[in-house]
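Each remark here refers to the structure printed beneath this line.
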């Protein structure tokens, strides 16, 4: 990540959220962290358990640079167990049931939700057909239910979520440059096009209309070259990651960095500084598979 200023900035306080989490889906081994200027930094976690780096740079600077390199050993191929064993605290998933400013459904999304719900009721029989994409994803998921929970039946919430994911994938067009970081789910839906952030916000908005716990996720993906976003649905005591931009269950090619209620909880960089300057931010990501692990 690079911040460029068109003049000198000083007394720069920053918070970075760019270190992938270690959990039961992925184990992160950091090999190097570089920062310029050579600022004071410390590490902590936010209220969602995401890794934070925060620090302070007193001197004037026109560039702020942070580079992180490491290796992720991924497993489960798409299902992330969240048992909160490390903290010993029971997860309160209810915080993820309700809309935020970014995921509040307006008139257009509510009408779309109504139509999808009607279609879902009439198409449920075809969803169970082996040739349907929803069925293929459901069968993929059942293998993990059987392995992890001795249970072959996926929940109704998950079946509905898979259906909604595929409808968004079919009806929404991926197009960069038409939305921004402040674009809400309703605004993006009215445009009928956007980027991965918009896909995720729209899906969160639709699921939260049904009070299904779901959360926004930022991370990386092999072949993207930039950060990526998807969602996770809470069902049967664990979080299942779904990628509406690509219409798939998240696999080992995804590396998770952070999660929250929406994009604003997962910002890579936040901070303040002194200086009458303009800034630009550039984030680049490079992910490759090496000997069966992801770097």
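The values are calculated or read from the model by the stated rules, or taken from the named source; none is laboratory data. Since the model is a prediction, treat every value here as computed from it, not as a measurement. Positions of Cβ are backbone-derived with ideal geometry, glycine not excepted, and every protein chain shown enters the neighbour counts.
Please verify whether residue 247 is at positive phi and in contact with a helix residue (DSSP H, G or I) (Cβ under 6 Å, 6 or more places away or on another chain), treating the condition exactly as stated. Answer is yes for this residue. Condition check: out of contact with any helix residue (DSSP H, G or I) (no Cβ under 8 Å at 6 or more places or on another chain) and surrounded by fewer than 23 Cβ atoms within 10 Å (Cβ to Cβ). Does residue 260 satisfy that? The answer is no for residue 260.
Looking across the range 196-219, just one residue is surrounded by fewer than 21 Cβ atoms within 10 Å (Cβ to Cβ) and closer than 25 Å to residue 51 by Cβ, and that is 213. In this entry, residue 165 is excluded by the filter for residues that are in a helix (DSSP H, G or I), touching a residue at least 24 places away in the same chain (Cβ under 8 Å) and under 16 Å from residue 97 (Cα atoms). Just to be sure, is residue 181 within 18 Å of the chain's Cα centre (by Cα), at pLDDT below 95 and either outside the structural domain of residue 247 (by TED's automatic domain parsing) or surrounded by fewer than 22 Cβ atoms within 10 Å (Cβ to Cβ) (or both)? Judged against the criteria, residue 181 is a match.
Taking the range 23-68 as the range and being under 29 Å from residue 262 (Cβ atoms), loosely packed, with under 14 Cβ neighbours inside 10 Å and either in the same structural domain as residue 253 (by TED's automatic domain parsing) or touching a residue at least 60 places away in the same chain (Cβ under 8 Å) (or both) as the test, only 67 passes. Within the range 180-217, work out how many residues are without any contact (Cβ under 8 Å) to a residue 40 or more places away in the chain, in contact with a helix residue (DSSP H, G or I) (Cβ under 6 Å, 6 or more places away or on another chain) and in a helix (DSSP H, G or I). Count: 2.
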